[in-house]
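Inspection log for the structure reproduced underneath, given as structure tokens.
What follows draws every value from the coordinates through simple rules; no lab data is involved. Bear in mind the structure is a predicted one, so any value in this text is a computation, not a measurement. Reconstructed Cβ throughout: ideal geometry from the backbone, glycine too, with neighbour counts over all protein chains shown.
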Amino acid sequence: MAAPWRIIFMGTPQIASATLAQLLTGPDTVVGVVTQPDSSAGRGQKSFASPVRKLAETHAIPVLAAKKIRTPEFLQSLRAWQPDIIVVVAYGRILPKAVLELAPQGCVNVHYSLLPKYRGAAPAAWTIINGEAEAGVSTMKLVEKMDAGAIYLQEAISLSGEETTGSLQAQLTPVGARLLLETLRRLKAGTLSATEQDENLATLAPILKKEHGLIDWQRPATEIERRIRGFDPWPGSFTHFAGKMLKIHRATIVGTERRGSPGEIIRADAAGFWLATSSGVLSLEEVQQENKKRLAGVEFIKGARIKPGDRLE
RNA sequence: CGCGGGGUGGAGCAGUCUGGCAGCUCGCAAGGCUCAUAACCUUGAGGUCCCGGGUUCAAAUCCCGGCCCCGCAA
């Protein structure tokens with residue numbers, strides 16, 4: 001049995017802290033954690049520590065939350081921890097070459113797609129939006145080109161077609177944690193060979209922006225429904241009614257024929273809140289007007305003065 | 001002190017600006033109608049208008065304080 005490795009863990013959100021929690025149960029030693037600095041957020045602009053920071057502090061692991069990472073001081077701090085390997089999970093920053101080469105074993109990354117497909121910041125979301133039949137997790141060696149490093153291990157799961165990005169990530173998190181521990185174990189044992197990615201099969205999963213959430217009713221119902229799931233929980237999907245923003249949290253397809261014109265309400269009563277698209281009819285199951293609570297579509301109708309023929313846009 | 005919206009029978013809302021009978025869409029109960037219904041008709045029950053104070057002949061509505069919920073932004 002080889003000696004435990006000294007690991008630096010870099011990550012920020014909940015998905016990273018859940019993975020770190022698993023890593024802490026493994027045979028190796030997390031000697032330091034790097035995360036994004038606390039940020040002000042929420043009503044009142046209260047300051048929030050990242051989930052990774054909170055977890056590290058409860059385990060008394062040293063935390064580095066540098067704002068600037070391309071500095072000699074940052075590199076020096078990392079070196080002082082004398083890592084064998086650096087583990088990166090949703091850290092939120094592009095790492096400079098000097099960091100990639102800092103540890104003898106380099107950097108290993110957990111990426112939530114079946115590489116080489118869906119390289120980039122939002123792999124789970126685009127997997128759903130594009131209607132893929134399966135999703136997955138890959139561990140790979142970090143290189144300078146984004147998510148292009150050689151793959152260590154990979155595991156696929158099949159999709160039901162009802163996942164949201166949030167639920168899919170929740171499903172993939174434990175898979176990723178397990179793959180990570182397995183990757184480390186076999187790397188240390190010297191029984192793991194990395195496989196180069198086929199560049200010809202590479203696709204991109206670009207970072208999501210707020211504007212992605214504006215629903216284009218000109219798209220087919222199937223596509224809109226997938227986007228609503230893919231943008232949940234962020235940035236969310238929204239449209240407008242009576243000059244106010246209306247978030248659409250959940251929708252289902254209730255017809256494939258063309259009815260009405262895209263964006264037109266074709267039913268608004270106790271039986272349903274149905275909307276026309278360019279192809280197919282969507283039932284809005286859960287909505288939320290700005291400043292209001294989430295409501296079932298039919299509940300929203302009771303209070304909103306809304307009727308067939310009105311439009312969302 | 002980041003910006004803003006809200007709290008009204010069981011649900012969702014209007015009414016508040018401009019003080020003057022507690023209202024709408026549902027739900028619930030009873031009855032009726034129909035071959036039939038998530039349909040329709042009739043009737044009914046159900047209220048601390050978030051809490052506390054103030055102004056007023058009169059407060060859901062105006063003023064002051066408090067609690068709670070939510071949207072934006074990040």
Spatial separation of Cα centroids for region A:276-313 and region A:165-227, in angstrom
31 Å
In whole percent, what relative contact order does region A:134-272 give with Cα contacts below 8 Å and a gap of six or more residues?
20 percent
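Decide, for region A:219-313, between rounded, prolate and oblate: order the square roots of the alpha carbon gyration tensor eigenvalues as a ≥ b ≥ c, take rounded if a/c falls under 1.5, and otherwise choose prolate if a/b is larger than b/c, else oblate.
oblate
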Between the residues A:A268, A:A90, A:I301, the Cα farthest towards the positive end of the dipole of chain A, that dipole coming from +1 and -1 charges on the beta-carbon of Lys, Arg, Asp and Glu, is from A:I301
Links that overshoot a 28 Å alpha carbon limit, given the list A:K67/A:K210; A:K145/A:K210; A:K117/A:K293; A:K68/A:K210; A:K67/A:K292; A:K68/A:K141
A:K117/A:K293; A:K67/A:K292
Search the structure for amide H atoms under 5 Å from the amide H of A:V88, placed 1.01 Å from N in the peptide plane, and list their residues when 5 or more places away or on another chain.
A:M10, A:V108, A:N109, A:V110
With contacts defined as alpha carbon pairs under 8 Å and 6 or more residues apart, what's the relative contact order of region A:200-313 in percent?
25 percent
Determine ³J(HN,Hα), in whole Hz, for all residues of region A:89-103 in sequence, where each value follows from phi through the Karplus function 6.51 cos²θ - 1.76 cosθ + 1.60 and θ = phi - 60°; x replaces Gly and Pro.
9, 6, 6, x, 9, 7, 8, x, 3, 4, 6, 4, 9, 6, 9
Lys/Arg Cβ at +1, Asp/Glu Cβ at -1, dipole of region A:96-222 taken about the Cα centre: which of A:L159, A:G106, A:I129 is farthest positive-ward?
A:G106
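Which shape class applies to region A:1-107: rounded if a/c is under 1.5, otherwise prolate when a/b exceeds b/c and oblate if not, where a ≥ b ≥ c are the square roots of the Cα gyration tensor eigenvalues? Let's see the in-between values first.
Working: a/c = 2.16, a/b = 1.34, b/c = 1.61.
Oblate.
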Relative contact order (percent) for chain A, with alpha-carbon contacts under 8 angstrom and 6 or more residues of separation?
13 percent
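Suppose every Lys and Arg Cβ carries +1 and every Asp and Glu Cβ carries -1, with no other charges. What dipole size does chain A come out with about its Cα centre, to the nearest 20 debye? Walk me through the numbers before you get to the answer.
Numbers: 38 positive and 31 negative charges, 192 e Å.
The dipole of chain A has a size of about 920 debye.
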Rounded, prolate or oblate: which fits chain A, taking a ≥ b ≥ c as square roots of the Cα gyration tensor eigenvalues, rounded meaning a/c under 1.5, else prolate when a/b beats b/c?
prolate
A:H249's amide H: which non-local residues (gap 5+, or another chain) put their own amide H closer than 5 Å, with H modeled 1.01 Å from N in plane and none for Pro or chain starts?
A:E286, A:V287, A:Q288
Scalar couplings 3J(HN,Hα) for region A:62-70 by Karplus 6.51 cos²θ - 1.76 cosθ + 1.60 (θ = phi - 60°), nearest whole Hz, x for Gly and Pro, are x, 10, 10, 10, 6, 7, 10, 10, 9
Which residues' amide hydrogens lie under 5 Å from the amide hydrogen of A:L204, considering only partners 5 or more residues apart or on another chain, with H built in the peptide plane?
A:Y118, A:R119
Dipole magnitude of region A:1-82 about its Cα centre (Cβ charges: Lys, Arg +1; Asp, Glu -1), debye to nearest 20
300 debye
Whole-Hz ³J(HN,Hα) for each residue in region A:169-178, computed from phi via Karplus 6.51 cos²θ - 1.76 cosθ + 1.60 with θ = phi - 60°, x for glycine and proline: what do you get?
5, 5, 6, 7, 4, x, 5, x, 5, 5
Name the residue farthest towards the positive end of the dipole of chain A from the options A:Q197, A:L187, A:T58, assuming +1 on Cβ of Lys and Arg, -1 on Cβ of Asp and Glu, about the Cα centre.
A:T58
